[in-house]
Amino acid sequence: MIWDYAEANPFANSSGNLIRMADLVAEVLEQSCSNGPVIGSCTQFDSTASIANEPAIICTDPPYYDNIGYADLSDFFYVWLRKSLVTIYPELFATLLVPKKQELIASPFRSNGSKSDAAAFFEAGFTKAFLRIRSSQDQMYPLTVFYAFKQEEAEEGDTGDQQVSTGWETMLEGLLRADFQVTATWPSRSERPGRSVAVGTNALASSIVLACRPRPEPAPITTRKDFLASLKKELPNALRNLQKGNIAPVDLAQAAIGPGMAVFSRYKKVLETDGSPMRVRTALALINQGLDEVLSEQESEFDPDTRWALAWFEQHQFDEGLYGEAELLATAKALSIAGLAEAGILHSRAGKVRLLRRDELPEDWDPTSDNRLTVWEVTQHLIRRLDKHGETDAGKLKARIGGMAEIARDLAYRLYTLCERKGWAEEAGYYNSLVVAWPSLSSVPELFQ
Ligand SMILES: C[S@@+](CC[C@H](N)C(=O)[O-])C[C@H]1O[C@@H](n2cnc3c(N)ncnc32)[C@H](O)[C@@H]1O
C-alpha cells in the first residue's frame, strides 16, 4: 500500500488547518447572509420516490455507476455525527448507519454479487428519477444537470474505435425516456485543480451543465441521414463557441455531447436505415466522430509545414522515422525535408528524421525575425516558455508572435485530442495546459511585452 496524500496536522499552519477551515465556513455564512438573511433548507430524500409537492426548479449532480460508494463512505463520519446530533435531527439520524438500499449506485454487493443486476438497478433508477423530476419541474425554468464524467473512463464501445461512455449513455437515456430535450450546454469550472485525482493526470476541469426542457409534443421523427446532416451543420459553430470560451481541451469531448445531444433529443426518434430507432450509444459515437471531423477541418487554417508536422507527429510523435517516409509525406504536400529542417521543425540525419523536441528549440528564438514562421513552431515554443519560465514570459512571447498565436491555440486543441486518442497522456497534458493558461497569457500588461 502506498500513501499518496497525508492528512495535514489540523493544528499546524499548513492548508487544511483548523483555523482556516473555520474561517472558510464563516465566509460562506457571511456571503450567504450579506443581502439579509437567506434561509436555506436541506432535506434528505430518495429522488426516485418523491421530489416536491409543488413546482420546483431542479438542479442535479447525479451519481455515476459505482464510481463512489457515497453511503459507505459517509458511514465513517455518520457514526460520530449521530452521537452528538441525533437529538437535534432525530429523523435524519433515525438509522444506525447511512441508508443504503435506495442509493442509486451500481454496487454488486447490494445485488447479491451480480454486476448486471447492479447495473440494471442503477439504470432503472435513473429513468425513475428523471420521470419524477419531469413531473415536479416548474415548466418556466429548465432542469439543469451537472455531469463531470470523462468519456475515456468508459470501456470500449461497440461502435468501432469510438469510445462511448456508459455513464453518459445511461444519464442521457434516462433524460430522453422522460421526454426531456437538451437545449443548452454550459461547461462550468467546478473542479479544484489541486484535488488528489487531478494532480499529474488529465482529469476533467469542468462539469458540463446541461440545460433541459420537456420536448414539445408532437416531436418529429427523423432519419440517420438527416440527423447526420444537422450535426454537420450545427456542431462546427457550437464547438467554435466552446473554443472561443477557452474550454480546456480535456473537456472538449464531453462538452461536445451537449450540442450533439441537442440535435438528437429534438426528435422523438432517429430511425436507422433498417427502421429501428437509433440508440443513444450510436448517437454518442456519431457526435465523437463529428468532433474529430470538425477538428480536422480546422487543419485547413494551418500552414503546410504544420500540416506535415501534425501528420508525422500522429505516426511517430517525437521519435525517429525513415527519411523515405518523411519525404513521401512532404512531397505530397509540395514540401521538402530540407525546407522543413530550415523552418526549425525537424532534425534529419543518416536516413532518419524526427521532429525537434521542445528541449532542443533555441532559447533565443525571435518570431519577428523568423522568415518561415509556422504554427507548429509557435505552439511548441509557447509550451516550452510556459513550462520553463511561466505565464509572464510566455505572454511576452505570445505578444511578439501576433495573429498566428490564436491559430496555435487551435493546434493545441487538435494535438490534445490526438494525444488522448493515442494514449499519450503526458504529452496531451502540455497542450491542455497551454489552452488553460491562455487567458493569463493574453493579459500580460503591455509594459512587460
Ligand atoms: C455526484 S454526487 C453529488 C455531489 C455534490 N454535487 C457535491 O458537490 O457534494 C451524487 C449524490 O447523489 C446522492 N444519491 C445517490 N442516490 C440517491 C437517491 N436515490 N436519491 C437522492 N440522492 C441520491 C449521493 O449520495 C451523492 O451525494
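The values are calculated or read from the model by the stated rules, or taken from the named source; none is laboratory data. Computed from a predicted model, the values in this text were never measured in an experiment. In this analysis, Cβ positions are derived from the backbone assuming ideal geometry, glycine residues included, and neighbour counts consider all displayed protein chains.
Among residues belonging to the range 298-331 that are out of contact with any Phe, Trp or Tyr (no Cβ under 9 Å at 6 or more places or on another chain) and of a type in the set (A, V, I, L, M, F, W, C), point out the one that is nearest to Gly423 (Cα to Cα).
Applying the filter and picking the extreme gives Phe318.
Condition first: within 10 Å of the ligand (Cβ to nearest atom) and not charged (D, E, K, R). Now tell me which residues in the range 96-105 satisfy that.
Matches in the range 96-105: Val98, Pro99, Gln102, Leu104, Ile105.
Kindly list the number of the only condition in (1) within 16 Å of the ligand (Cβ to nearest atom); (2) surrounded by fewer than 19 Cβ atoms within 10 Å (Cβ to Cβ); (3) under 16 Å from Leu175 (Cα atoms); (4) over 24 Å from the mean Cα position of the chain (by Cα) that fails for Thr144.
(4)
Listed residues Phe93, Phe109; which is over 18 Å from Asp46 (Cβ atoms) and either at pLDDT 90 or above or away from the ligand (no atom under 13 Å from the Cβ) (or both)?
Phe109
Can you tell me which of Leu96, Leu29 is hydrophobic (A, V, I, L, M, F, W, C) and more than 32 Å from the chain's Cα centre (by Cα)?
Leu96
In this structure, does Leu382 turn out to be surrounded by 17 or more Cβ atoms within 10 Å (Cβ to Cβ) and at pLDDT 95 or above?
Yes; evaluated as a whole, the condition is true for this residue.
Only residues that are part of a helix (DSSP H, G or I) and surrounded by fewer than 17 Cβ atoms within 10 Å (Cβ to Cβ): list them for the range 96-110, please.
If the condition is that a residue be part of a helix (DSSP H, G or I) and surrounded by fewer than 17 Cβ atoms within 10 Å (Cβ to Cβ), then Pro108, Phe109 are the ones that fit.
Under 20 Å from Leu295 (Cα atoms) and either small (Gly, Ala, Ser) or at pLDDT 90 or above (or both): which single residue out of Asp393, Asp410 fits that description?
Asp410
Just checking, which of Ile58, Ile51, Ile39, Ile68 is β-branched (Val, Ile, Thr) and over 24 Å from Glu91 (Cβ atoms)?
One residue alone meets the criteria, Ile68.
Scan Val270, Val250 and give me the residue that is assigned to a strand (DSSP E or B) and either modelled with pLDDT under 90 or under 21 Å from Ala184 (Cβ atoms) (or both).
One residue alone meets the criteria, Val270.
With the requirement that a residue be of a type in the set (Ser, Thr, Tyr), modelled with pLDDT of 60 or more and within 16 Å of the ligand (Cβ to nearest atom), what does the range 179-197 give you?
Across the range 179-197, the qualifying residues are Ser188, Ser190.
Hey, among the residues in the range 30-74 that are free of Cβ contacts under 8 Å to residues at least 24 places away in the same chain and in a helix (DSSP H, G or I), which one's farthest from the ligand (Cβ to nearest atom)?
Glu30
Among (1) at pLDDT 85 or above; (2) over 21 Å from Gly290 (Cβ atoms); (3) not in a helix (DSSP H, G or I), there is one condition Gly200 misses while meeting the rest; what is its number?
For Gly200, the failing item is (1).
How many residues are under 20 Å from the mean Cα position of the chain (by Cα) and among the hydroxyl-bearing types (Ser, Thr, Tyr) when one looks only at the range 245-284?
Summing the residues that are under 20 Å from the mean Cα position of the chain (by Cα) and among the hydroxyl-bearing types (Ser, Thr, Tyr) in the range 245-284 gives 1.
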